[in-house]
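As structure tokens, the structure follows; a few thoughts come after it.
The values are calculated or read from the model by the stated rules, or taken from the named source; none is laboratory data. In this text, all values refer to a predicted model and were calculated from it rather than measured experimentally. Cβ placement follows ideal geometry from the backbone for every residue including glycine, while neighbour counts extend to all protein chains displayed.
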Amino acid sequence: MKKLNYIKTILLGLAATASLSSCLKDKTYVDFSQGGVSAELPLSGLNSFSADAITTDTAIISFGVNIASSKTLTTDTKITVDVIPTKIAEYVKNNPAVQYEIMPATAYTFKTTIVDIPAGQRLKILTFTVYKNKLDPSKSFMLPIGITSAPGLNISANNALHYYHVIGNDFAGIYVYDYRRWQDGANGPGDVTVGGVTRHAIPSKGEGLAPDGPGIFTGHQAVISPISPTEFAMTTTYNGQGVQYDVTFTRTVATDGTINYTNWKVIFNADNIKKWTDVNITNFRPAEFTIPPPATSKDPKIFELNYSTGAAAPGRWMDDTYHK
């Protein structure tokens, strides 16, 4: 799955002047907190921190440089955008859970850029590339890119910096995703006996009863999103509510360099359960691993999980498989 392009083209819609009046009312896009005319990076700042996570081996990233004003300017404007390493220490001081390092220059292509915005215009799009596969996967890196100079303009207090970052989590990235559903939430695919031992069927191996619920699929793409170096989120499809498994583990390194993974836990946290209860869905059986997750860095990256959920007991039996 290497060298997949994840194109974050987040701002092209702003280029249409017909939508400008509505954009000016939205603080996400325009910051008038300092008054007058401001230079900004729309959809940036701490409120967009999670959106600036980089999870693919080769990420082609686009972002906008914008002039926020009630009217377009009558003169040309130059805005300088650059990497600002000092912002990392500031961020880590207030958010110490992940200790970020500056991303090495060999892992990205962005250079100091002077953006020329002609009179009567507002927005320019910049594009650069991050090569995540050139980074140490056990470390967390940040690439703060922001406005460093805007002569004659205020610099937005809230939307002038992108916190592009890579969390050092061994399991983050794009996976092949399979979703299966059984109408019987109590038994699901049933039990199988192998070598005289009876255990619950493993759907990804074709064991037990075939899925009989609607909306099942295999071979889709999905992202495992890092939360910290030892925690990540993965989404389940049931009911389209965007509910996510919260997975945690312990990571240790053996003397021979093998990475060991222990203390695996998976839950639906309260915020995710609420997405179901808000639409009258109950989680009857909590999330659990169908098969043991990887024990070492030499094991295949496969996560198979199941749970039962629905409007009435015993609900539906769901099985999600993420695999490389």
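General observations
- Options Thr230, Thr296, Thr248; residue that is within 18 Å of Ser138 (Cβ to Cβ) and exposed (fewer than 12 other Cβ atoms within 10 Å of the Cβ): Thr296
- Condition met for Ala97 (at pLDDT 95 or above and either more than 22 Å from Asn169 (Cα to Cα) or in the same structural domain as Val37 (by TED's automatic domain parsing) (or both)): no
- Among the residues making up segment 254-284, those that are among the β-branched types (Val, Ile, Thr) and either surrounded by 13 or more Cβ atoms within 10 Å (Cβ to Cβ) or touching a residue at least 60 places away in the same chain (Cβ under 8 Å) (or both) are Ile259, Val266, Ile267, Ile273, Ile281, Thr282.
- Of all residues in segment 65-83 being within 31 Å of the chain's Cα centre (by Cα) and either hydroxyl-bearing (Ser, Thr, Tyr) or crowded, with 17+ Cβ neighbours inside 10 Å (or both), the one that is farthest from Gln121 (Cα to Cα): Val83
- Those strands (runs of 3 or more DSSP E) lying entirely in segment 56-158 with at least 1 residues more than 30 Å from Ile224 (Cβ to Cβ): 58-68, 77-83, 113-117, 123-131, 140-149
- Test for Thr218: is it of a type in the set (S, T, N, Q), over 19 Å from Phe268 (Cα atoms) and surrounded by 11 or more Cβ atoms within 10 Å (Cβ to Cβ): yes
- Taken over segment 42-55, the criterion of being at negative phi, buried (at least 21 other Cβ atoms within 10 Å of the Cβ) and out of contact with any His (no Cβ under 6 Å at 6 or more places or on another chain) is satisfied by Pro42, Ile54.
- Residue within segment 194-210 that is surrounded by fewer than 15 Cβ atoms within 10 Å (Cβ to Cβ), assigned by TED's automatic domain parsing to the domain that holds Ile302, charged (D, E, K, R) and not in a loop (DSSP other than H, G, I, E, B) present: yes
- Complete set of residues in segment 174-193 that are in contact with a Leu (Cβ under 9 Å, 6 or more places away or on another chain), in a strand (DSSP E or B) and surrounded by fewer than 22 Cβ atoms within 10 Å (Cβ to Cβ): Ile174
- Residue within segment 22-41 that is touching a strand residue (DSSP E or B) at 6+ places or on another chain (Cβ under 6 Å), under 23 Å from Tyr164 (Cα atoms), modelled with pLDDT under 90 and of a type outside the set (S, T, N, Q) present: yes
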